[in-house]
């Protein structure tokens with residue numbers, strides 16, 4: 001569905017005397033997202049994960065410089081096409097809950113997303129209600145303002161907005177941050193259900209442990225580079241089937257593996273805060 005070929009992103013910054021320089025945020029990223037799969041992008045803060053999502057969606061800041069190619073359904077994903085498909089075929093579930101309008105009730109916000117996706121005005125409200133109910137949000141939650149919702153409920157509202165878009169590619173940026181285990185399980189189950197419907201889901205997270213139960217493919221990123229892409233089932237035992245030392249370190253350092261590798265061995269250098 002989506003193929004990323006040697007994608008590189010640079011953002012400008014300015015030194016004294018307004019001399020412009022370029023910071024490479026990620027480089028030579030190559031991977032593919034397939035229908036019906038959850039593809040987890042895993043890495044520490046600053047690995048470039050969120051910026052990769054913004055590059056796919058066409059939401060990079062002005063002045064960003066990219067090279068490489070994005071191909072969606074066998075056609076180049078140009079800026080014009082990104083604008084055309086965003087909110088329709090391409091959907092982003094953002095990390096920040098501030099993406100919700102604080103002055104608008106849940107069902108109204110989801111109905112707006114339905115209208116942007118092409119639903120008729122007469123049916124958008126009903127479509128929004130059904131989508132929210134699908135994610136176990138009752139009438140009270142549908143009438144609630146964002147500040148009246150728990151973190152997990154708010155994330156399910158954002159997921160419902162992606163649901164009504166009928167998007168074929170859904171990117172979820174750190175959807176489990178700040179959630180208790182029950183709410184996290186519900187949000188992750190919702191993403192897996194979207195993939196089961198034949199959609200491609202990109203799950204961006206820093207927590208490998210939470211991604212593995214629903215992921216089909218896993219890409220490990222570090223300092224703006226793709227370290228390894230493999231199947232989720234490769235993360236088992238002592239990680240002998242993993243090809244990179246960094247991926248093995250991430251796996252072996254999980255609590256379930258008894259923190260068998262000191263964290264100091266995983267980070268040979270300080271990672272820049274670029275995502």
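Key figures for this structure:
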quantity: Amide N proximity, segment 107-146 versus residue 189 label position 7 Å along Cα-to-Cβ, cut-off under 14 Å; calculated: 134-137
quantity: Using alpha-carbon coordinates, inclination of helix 121-134 to the longest axis of the chain, degrees; calculated: 60 degrees
quantity: Theoretical ellipticity at 222 nm over the chain - DSSP helices of four or more residues, -39500 (n - 2.57) apiece, nearest 500; calculated: -9500 deg cm²/dmol
quantity: Residue 65/residue 244 FRET efficiency (R0 25 Å; Cβ-Cβ; nearest 0.05); calculated: 0.35
quantity: Percent breakdown of C-alpha pair distances by 10 Å bin, ordered from the shortest bin, for the chain; calculated: 7, 28, 34, 23, 9, 1
quantity: Pair-distance profile P(r), taking every C-alpha pair of segment 177-219, with 10 angstrom steps and integer %; calculated: 27, 60, 13
quantity: Likely footprinting exposure, 216, 101, fewest C-beta neighbours within 10 Å first; calculated: 101, 216
quantity: Protection proxy ranking, peptides 82-88, 185-191, average beta carbon neighbours within 10 Å, highest first; calculated: 185-191, 82-88
quantity: Proxy reagent accessibility, fewest Cβ within 10 Å first, across 251, 112; calculated: 112, 251
quantity: Whole-angstrom Cα spans of segment 1-98 along principal axes, big to small; calculated: 50, 29, 29
quantity: Rounded to 5, the percent of DSSP beta bridges in the chain classed as antiparallel; calculated: 60 percent
quantity: Contour minus Cα-Cα distance for residue 83 and residue 140 (0.36 nm per residue); calculated: 17.1 nm
quantity: Using alpha-carbon coordinates, inclination of helix 151-164 to the longest axis of the chain, degrees; calculated: 70 degrees
quantity: Gain in span if fully extended, residue 122 to residue 180, counting 0.36 nm per residue against the direct Cα distance; calculated: 17.2 nm
quantity: Ascending count of other beta-carbon atoms within 10 Å, so fewest first, for 34, 221; calculated: 34, 221
quantity: Taking all pairs of distinct alpha-carbon atoms in segment 152-234, Kirkwood radius in angstrom; calculated: 13.4 Å
quantity: Cα shape, segment 108-185, gyration tensor, a/c 1.5 rule; calculated: oblate
quantity: Degrees, to the nearest 10: 106-116 long Cα axis against longest axis of the chain; calculated: 80 degrees
quantity: For segment 201-243: rounded, prolate or oblate by the Cα gyration tensor [a/c cutoff 1.5]; calculated: oblate
quantity: Net lengthening on full extension, residue 256/residue 45 (0.36 nm per residue, minus Cα-Cα); calculated: 73.8 nm
quantity: Taking N as its residue count, the alpha carbon Rg of segment 52-208 over 2.2 N^0.38 Å; calculated: 1.03
quantity: Rounded, prolate or oblate (a/c below 1.5 giving rounded, otherwise prolate when a/b exceeds b/c) for segment 46-126 by Cα gyration tensor; calculated: oblate
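We did not get these values from a lab; they are worked out from the coordinates using the rules stated. Quick caveat: nothing in here was measured; it's all calculated off a predicted structure. Here Cβ is always computed from backbone atoms with ideal geometry, including for glycine, and neighbour counts include all displayed protein chains.
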